[in-house]
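Asker: Okay, here's the structure, questions in a sec.
The values are calculated or read from the model by the stated rules, or taken from the named source; none is laboratory data. Computed from a predicted model, the values in this text were never measured in an experiment. For neighbour counting, all protein chains shown are included, and Cβ atoms are generated from backbone atoms with ideal geometry for every residue, glycine included.
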Ligand SMILES: N[C@@H](CCC(=O)N[C@@H](CS)C(=O)NCC(=O)O)C(=O)O
């Protein structure tokens with residue numbers, strides 16, 4: 001078994017799907033959370049100056065979605081055939097579209113621009129959440145293929161971060177997504193991780 005290290009800021013955000021996948025599979029990893037003030041010295045040592053980065057036996061790799069896909073293939077969470085794998089990729093990209101829209105709003109520092117982006121958020125987020133909710137309803141309680149996949153895990157792992165940026169619970173009216181969240185959080189490895197992980201707002 002390789003030695004795995006997840007390198008990230010001391011938050012959940014983009015590293016949490018990776019941490020959830022290791023935890024689901026019961027695979028040990030070093031959860032390397034660095035202090036924010038150390039970032040300027042760490043940044044130049046990262047492949048593209050960003051994190052999360054996964055170290056596998058000392059080899060560094062960036063891009064959280066690619067890392068999740070790599071782990072999901074090993075843990076039987078990447079679909080039963082190429083079509084399902086495509087559907088899972090599409091669902092994950094859609095989730096990251098929601099994240100990008102929320103991020104554009106949350107990180108906007110100009111008050112006028114922020115007010116404009118809030119209008120977008122108020123329309124776009126319920127649209128995406130409604131569609132994802134329907135998708136789960138028509139797929140036996142999962143995003144794809146009537147079975148747990150890494151798309152479900154990515155969604156639930158990112159929820160705290162999405163809610164933090166939105167400033168409300170984006171799935172509060174989405175009963176099928178709420179049930180999916182409960183299912184993922186009751187996976188034994190994930191449940192144990194959530195109980196022991198360091199506390200952080202997002
Ligand atoms: N597409 C990349 C995005 C990585 C990214 O945006 N990382 C941010 C933190 S969430 C970062 O490293 N920010 C610090 C910087 O760019 O200096 C991924 O999914 O891993």
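Asker: Any residue that is within 18 Å of the chain's Cα centre (by Cα), surrounded by fewer than 17 Cβ atoms within 10 Å (Cβ to Cβ) and outside the structural domain of residue 65 (by TED's automatic domain parsing) - is there at least one of those in segment 79-91?
Answerer: Scanning segment 79-91, I find at least one residue that is within 18 Å of the chain's Cα centre (by Cα), surrounded by fewer than 17 Cβ atoms within 10 Å (Cβ to Cβ) and outside the structural domain of residue 65 (by TED's automatic domain parsing), so the answer is yes.
Asker: Among the residues that make up segment 146-154, is at least one of them surrounded by fewer than 18 Cβ atoms within 10 Å (Cβ to Cβ), outside the structural domain of residue 15 (by TED's automatic domain parsing) and within 27 Å of residue 73 (Cα to Cα)?
Answerer: As a first pass, look at segment 146-154 and keep what is surrounded by fewer than 18 Cβ atoms within 10 Å (Cβ to Cβ): 146-147.
Going one step further and asking which of them are outside the structural domain of residue 15 (by TED's automatic domain parsing), we end up with 146-147.
After this cut, where a residue has to be within 27 Å of residue 73 (Cα to Cα) as well, the list is 146-147.
Yes.
Asker: Applying the selection to segment 1-25, what residues are within 17 Å of the chain's Cα centre (by Cα), outside any helix (DSSP H, G or I) and surrounded by 16 or more Cβ atoms within 10 Å (Cβ to Cβ)? Step through it out loud before you land on a result.
Answerer: Here is the first cut: in segment 1-25, the residues within 17 Å of the chain's Cα centre (by Cα) are 6-25.
Filter once more, keeping what is outside any helix (DSSP H, G or I): 6-12.
Within segment 1-25, 6, 7, 8, 9, 11, 12 qualify.
Listed here are the residues, each with its yes/no results for (1) surrounded by 15 or more Cβ atoms within 10 Å (Cβ to Cβ); (2) under 21 Å from residue 65 (Cβ atoms); (3) at pLDDT 95 or above.
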| position | (1), (2), (3) |
| --- | --- |
| 97 | no, yes, yes |
| 112 | no, no, yes |
| 136 | yes, yes, yes |
| 169 | no, no, yes |
